[in-house]
1. Rounded to two decimals, what is the ratio between the C-alpha radius of gyration of segment 154-257 and 2.2 N^0.38 Å?
2. Aspartates and glutamates near K24 by alpha-carbon distance under 13 Å, same-chain residues fewer than 8 away left out - which ones?
3. What nm distance separates the two modelled labels at K225 and E65, each placed 7 Å from Cα along Cα→Cβ?
4. Taking the convex hull of the Cα atoms, report for segment 4-170 its projected area averaged over all directions, in nm².
5. Segment 84-120: which GluC sites (Glu not before Pro) are DSSP loop and have at most 16 other beta-carbon atoms within 10 angstrom?
6. Would you compute, from DSSP H runs of 4+ residues alone, the mean residue ellipticity of the chain at 222 nm, taking -39500 (n - 2.57) per run and dividing by the full residue count, rounded to the nearest 500?
7. Using a 7 Å offset from the Cα along the Cα-to-Cβ direction at both Q28 and E156, what is the distance between the two label points in nm, to one decimal?
8. For L254, L76, L245, which order do you get if you count the other beta carbons within 10 Å of each Cβ and list the fewest first?
Amino acid sequence: METLTGLRGLDKIIVPIRLTPQSKFVFQCYPGVPCFKLCCSDLFLPLTPYDILRIRDYLKLSTDEFLLLYTEPFILPRSKLPIVRVKMQDNEDKTCPFLIEGGCSIYEVRPLACRYYPLGLGIFRNKDERKNEEVYYLVKEGFCQGLDSGTEMTVEEYRISQGIPETEEPIKEWAEIIMKKESLGPIEVPEKSLQLFFMVSSNPERFRTFILESKFLEIFEVSEKELEEIKDDDLKLLQFGFKWLKTVLFGENLIKKKKEAPSVKKIKPF
Ligand code: SF4
Ligand code: SF4
């Protein structure tokens, strides 16, 4: 079970209790808490494609600038798919580059994994019911004094209070791709497939250029409406990208090929 949100901390204890949206837990975190900011150092902090868009826009950077300044490539441990994570600073505590005296400098657009903490999210495939299921769990780290004190709330109340549903919704299909790859087990993945996944996952500007300036539009059916959306709207571009990845990686045929498409070297699915 790939747990993007659970990768965030190091040296942690995952409480082996499966939580549902209605499960209750006790937690409080605020700027005056004695452990304030201790959880923002030495992290494997993964970024979803939507995190990248939001933080990039907040910082008024191009995607290339943002990736170069603040991220590094990272291979997800179970699916072996390449994504990016936040590059910790080269100081003694390896602090997050977005951490400042008063706390998180990008709090408004903080990554999904930061919003979840101290919860983790896992998605797994229920083969009997042939559907994906989400499970939540608590991540306990010794330094965090917010656990077991303060307000009791349900997992869903916590998710809403942290703006998680609206941050998570745009990347649901992306998470499905990761989970599907993981469920296929340790199979060798062609380098080209990994590059395509990495491009869509990390750099929408490059993906847009790829669509508009390669033979893409000669090969795949893209309606006028879709094309306009792809040109103007990063979120629509991402949604299109996830469908295209499912098409080329898993043969799901969500983006159809043109009948008269020029013959090109077949991209092997996983
Ligand atoms: S992005 Fe913000 S909340 Fe997340 S680790 Fe960095 S400083 Fe902390
Ligand atoms: S360690 Fe826990 S209580 Fe302390 S700032 Fe981080 S999340 Fe909040």
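Any read-out appearing in this document is the output of simple, stated calculations on the displayed coordinates, not a laboratory observation. All values derive from a computational prediction rather than experimental measurement. Quick reminder, even Gly has a Cβ in these numbers, built from the backbone with ideal geometry, and neighbours come from all protein chains shown.
1. Normalised by 2.2 N^0.38 Å, the Cα Rg of segment 154-257 equals 1.20.
2. D148, E152, E156, E157
3. Those two pseudo-labels are separated by 3.5 nm.
4. 10.6
5. E92, E101
6. -10500 deg cm²/dmol
7. My value for the distance between the label points is 2.5 nm.
8. The most exposed by this proxy come first: L254, L76, L245.
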